[in-house]
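*Asks:* Once you've had a glance at the structure underneath, I'll fire off some questions.
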Amino acid sequence: MKILFLNGPNLNLLGQRQPEVYGKTTLGDIEANVRGKAAKLSGVEVDFRQSNHEGELVTWIQQARGNASVIVINAAAYTHTSIALRDAITAAEVPTIEIHLSNIHAREEFRHHSMIAAVCRGQIAGFGANSYYLAFEAALLLQAK
Ligand code: DQA
């Protein structure tokens, strides 16, 4: 199975960006950790990407159709604005898990609404870098059923 991790804008700055909110772990550290977990299993492939561009994320979601078993997406600020990402997730027909490092529901009101939540299988938010590792486990469970 292939798990596609997609990361939206400003997540390349993890570790330096508001560490009190997002933690000190870099995206590279998270990727290495996820890859380490996958390496211990047989037949689990990980593709891990980040983009600051909405259209690039849309393209990657489109390309996941028929290619990825599960998408794990931290759409970052596009979570709250992007009908394009929502439509791409719907069109891709790949089970998708929405994740956030912070608990978006406990933050500013504009972060409470997710444009993509309704077209995802579920949401994991508020566990810092562990949100990624929990999503990895959730992706395995989705595939196992
Ligand atoms: C985020 C939460 C979003 O509201 C914010 O715009 C981000 C990161 C998170 O992982 O907590 O960039 O998706």
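*Asks:* Here is a list: 61, 30. Which entry is in contact with a Leu (Cβ under 8 Å, 6 or more places away or on another chain) and either part of a loop (DSSP other than H, G, I, E, B) or under 18 Å from residue 128 (Cβ atoms) (or both)? Walk me through how you get there before you give the answer.
*Replies:* Numbers: 61 fails: either part of a loop (DSSP other than H, G, I, E, B) or under 18 Å from residue 128 (Cβ atoms) (or both).
Sole residue among the options that is in contact with a Leu (Cβ under 8 Å, 6 or more places away or on another chain) and either part of a loop (DSSP other than H, G, I, E, B) or under 18 Å from residue 128 (Cβ atoms) (or both): 30.
*Asks:* Here's another thing I want to ask about it. May I ask you to list the residues in the stretch 107-118 that are basic (Lys, Arg) and more than 9 Å from the ligand (Cβ to nearest atom)?
*Replies:* Applying the first criterion (basic (Lys, Arg)) to the stretch 107-118 yields 107, 111.
Of everything in the stretch 107-118, nothing turns out to be basic (Lys, Arg) and more than 9 Å from the ligand (Cβ to nearest atom).
*Asks:* Can I ask one more? Within the stretch 83-106, take every residue that is surrounded by fewer than 21 Cβ atoms within 10 Å (Cβ to Cβ) and in a loop (DSSP other than H, G, I, E, B) and give me the one that is nearest to the ligand (Cβ to nearest atom).
*Replies:* 102
*Asks:* What are the residues in the stretch 9-27 that are part of a loop (DSSP other than H, G, I, E, B) and touching a residue at least 12 places away in the same chain (Cβ under 8 Å), if any? So that I can check it myself, show each step before the final result.
*Replies:* Applying the first criterion (part of a loop (DSSP other than H, G, I, E, B)) to the stretch 9-27 yields 9-10, 14-18, 23-26.
Result: 9, 10, 14, 15, 23, 25, 26.
*Asks:* Return yes or no: is residue 72 open to solvent by 20 Å² or more (accessible area, probe 1.4 Å) and among the β-branched types (Val, Ile, Thr)?
*Replies:* Values: open to solvent by 20 Å² or more (accessible area, probe 1.4 Å): no; among the β-branched types (Val, Ile, Thr): yes.
In short, no.
*Asks:* Give me the pairs: first residue in the stretch 63-78 and over 21 Å from residue 140 (Cβ atoms) and within 16 Å of the ligand (Cβ to nearest atom), second residue of a type in the set (Gly, Ala, Ser) and in a loop (DSSP other than H, G, I, E, B), beta-carbon distance under 8 Å, and six or more apart or on different chains, which are they?
*Replies:* So the pair list comes out as 75/8; 75/82; 76/8; 77/8; 78/8.
*Asks:* Out of the residues in the stretch 119-145 that are open to solvent by 80 Å² or more (accessible area, probe 1.4 Å) and more than 17 Å from residue 45 (Cα to Cα), which is nearest to the ligand (Cβ to nearest atom)?
*Replies:* Filtering the stretch 119-145 for residues that are open to solvent by 80 Å² or more (accessible area, probe 1.4 Å) and more than 17 Å from residue 45 (Cα to Cα), the one nearest to the ligand (Cβ to nearest atom) comes out as 127.
The values are calculated or read from the model by the stated rules, or taken from the named source; none is laboratory data. Because the structure is a prediction, the values reported are computed rather than measured. Glycine gets a Cβ as well: all are built from the backbone with ideal geometry, and neighbour counts include every protein chain shown. Quick note on the areas: whole protein, heavy atoms, side chains included, nothing else; ligands and nucleic acids left out. Shrake-Rupley method; radii C 1.70, N 1.55, O 1.52, S 1.80 Å.
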